[in-house]
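Throughout, read-outs are computed from the coordinates displayed, never taken from laboratory work. Owing to the predicted nature of the structure, the values given are computational and were not obtained by experimental measurement. Quick reminder, even Gly has a Cβ in these numbers, built from the backbone with ideal geometry, and neighbours come from all protein chains shown.
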Amino acid sequence: MKFSLIVAVVVLALAQGSFAQEVTDLERLGQYFEEMKNKMTLELTEIINKQDLASQAQNIQTQLEPLAAQIQEQLKTVATNVEEQIKPMATEMQAQIQPMVDNFQKQVEAIFQKLTEQARAIGN
């Protein structure tokens, strides 16, 4: 009887050790599957977000293209209007300033002429 009790205890001990090993393996396997689930969830979320951003960027670009064309046309119109208004003003300004520039040029030439004459007089 003692022998059968010892054998039973040994068998139970081996079974317990075997179950403990299986539980540890199952826990590791469970952790592995949990990590894989988390990783796949994260990667899928990133892929979905990237596709969302790409489609949003495409939508924004599609919406902005006509607006950009309208703004460009308006800027061309404004530039033409400004040019039409500034051209006469620039012509008038040039007409007013030109006599002053001519007068200044004559004065500078006269001063230069006097300096040249004085330099010749000193040199002789």
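Here's the list of lysines a cross-link from Lys39 could span, going by alpha-carbon distance under 21 Å and ignoring same-chain residues fewer than 8 apart: Lys50. The residues packed around Gln113, meaning those with a beta-carbon under 13 Å from its beta-carbon, carry a net charge of +1 if Lys and Arg are +1 and Asp and Glu are -1. Label-to-label distance for Ile111 and Ala95 is 3.0 nm, based on points extended 7 Å past Cα in the beta-carbon direction.
Taking a ≥ b ≥ c as the square roots of the eigenvalues of the alpha-carbon gyration tensor, the range 36-124 is classed oblate because a/c is 1.5 or more while a/b is no larger than b/c. Counted by Cβ distance under 12 Å from Phe33, the other residues give a net charge of 0, where Lys and Arg count +1 and Asp and Glu count -1. The residues packed around Thr80, meaning those with a beta-carbon under 13 Å from its beta-carbon, carry a net charge of -1 if Lys and Arg are +1 and Asp and Glu are -1.
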